[in-house]
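Enquirer: Have a look at the structure that comes next, please.
The values are calculated or read from the model by the stated rules, or taken from the named source; none is laboratory data. Predicted model only: the values in this text are computed from it and were never measured. Methodologically, a virtual Cβ is constructed for each residue, glycine included, from the backbone with ideal geometry; neighbour enumeration extends over all protein chains shown.
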């Protein structure tokens, strides 16, 4: 029994053979997938996959640092409300990205702190 702790299996790149890919992983002994969210647009496909494979796919809620911009506080407010709608198994994908773009670095820092506080508050 293995767990993939970071898999964006809901991403468009996997649309053609997502179910077959997951079945191959299950056959190989990988039977749990932790799915970190990326942004507002990835929530619905992530939830759909978790509903399709409820024994294997476990959602996490967060805002990827590369998706943080000037409206991050409003985005995070909406995401935080999702915690009351269903079970999440972690806060993710979060962090500070210093590789791709530093335009919103201060906002990334603030978003990171806010989401760390979610994890503490919700005991994730």
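Enquirer: Kindly provide the set of residues from the stretch 33-61 that are surrounded by fewer than 16 Cβ atoms within 10 Å (Cβ to Cβ) and over 15 Å from residue 92 (Cα atoms), ordered by number.
Expert: 44, 48, 51, 52, 54, 55
Enquirer: Just checking, which of 50, 57 is more than 11 Å from the chain's Cα centre (by Cα), under 30 Å from residue 1 (Cβ atoms) and in contact (Cβ under 8 Å) with a residue 40 or more places away in the chain?
Expert: After ruling out the rest, the residue left standing is 57.
Enquirer: Okay, moving on. Kindly indicate the residue of the stretch 85-117 that is within 11 Å of residue 61 (Cβ to Cβ) and surrounded by fewer than 18 Cβ atoms within 10 Å (Cβ to Cβ) and also farthest from the chain's Cα centre (by Cα) among those meeting that condition.
Expert: So the residue we want is 85.
Enquirer: Would you mind listing the helices (runs of 4 or more DSSP H) fully within the stretch 1-107 where at least 1 residues are touching a strand residue (DSSP E or B) at 6+ places or on another chain (Cβ under 9 Å), over 19 Å from residue 122 (Cα atoms) and modelled with pLDDT of 95 or more?
Expert: Once the helices (runs of 4 or more DSSP H) in the stretch 1-107 are filtered for at least 1 residues that are touching a strand residue (DSSP E or B) at 6+ places or on another chain (Cβ under 9 Å), over 19 Å from residue 122 (Cα atoms) and modelled with pLDDT of 95 or more, what remains is 18-27, 40-52.
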